[in-house]
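To start, the structure itself, in structure tokens.
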Amino acid sequence: MPSFVYKLDQKIHVDGIGEVEYDIAFGGAFYAYCNADKLDIRLKGKDHDQLVDWGRKIKYAVMDSLEIRHPYEEDLSFLYGTIFIGEAEQPEHHSRNVCIFAEGEVDRCPTGTGVSARAALHYARQELKLHQSIRIESILGTTFDVEIAELTEFGDYEAIIPKVTGTASIIGKHEFYFDPDDALKQGFIFR
């Protein structure tokens, strides 16, 4: 899916925080990106409560001040979360980010859609070139690599096609059993 920059160099006053500078980009979802150092917030597990609190405050302040429209999919026209960007702990890594999404969830990984959108931001700022890759850490130190695989257009936006790689482990298996007499065995949807 194409990733693109929606807004650069925005500012907003957020109650309890002050003035916040942010960018908005899309990589499968829309995120507001903030520099952690400028906000004097750390990106470690022990900072979890403050990250969730500030991530939610920033998200709702941006949502109240700015209309977000996806060029094709109305159901994607909303701000999904806030991503704080800071220095990497490992010197060979590009940076670290912490994603606060949905109603205050913290992603354990660097966030695939988030690093996809970050690649678009870095490309727009001429900090990342076509076929160049960077490694981004999560709050736990796990990493994703993101590369700009292709340039494209998406509606009115210059966009990129990102390539994200990382690792994961299978931690379980689940099997479903269906009773032939179950009246709801085909499932149901409330929409």
*Restricting attention to segment 111-147, report how many residues are over 16 Å from the mean Cα position of the chain (by Cα) and among the hydrophobic types (A, V, I, L, M, F, W, C).*
3
*Just for strands (runs of 3 or more DSSP E) wholly inside segment 133-184: which have at least 1 residues that are of a type in the set (Phe, Trp, Tyr)?*
143-154, 157-165
*Exactly one condition in (1) touching a Leu at 6+ places or on another chain (Cβ under 6 Å); (2) surrounded by fewer than 19 Cβ atoms within 10 Å (Cβ to Cβ) is not met by Ala36; state its number.*
(2)
*segment 142-171: number of residues that are touching an Asp or Glu at 6+ places or on another chain (Cβ under 9 Å) and either over 30 Å from Gly45 (Cβ atoms) or at pLDDT below 95 (or both)*: 6
_Elements of type strands (runs of 3 or more DSSP E) in segment 1-99, at least 2 residues being over 17 Å from Cys109 (Cα atoms)_ = 3-14, 18-26, 30-35
*Go through Glu147, Glu175, Glu127, Glu137 for me and flag whichever is of a type in the set (Asp, Glu), free of Cβ contacts under 8 Å to residues at least 40 places away in the same chain and in contact with a strand residue (DSSP E or B) (Cβ under 6 Å, 6 or more places away or on another chain).*
Glu147
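The values are calculated or read from the model by the stated rules, or taken from the named source; none is laboratory data. All values reported here derive from a predicted model rather than from experimental measurement. For neighbour counting, all protein chains shown are included, and Cβ atoms are generated from backbone atoms with ideal geometry for every residue, glycine included.
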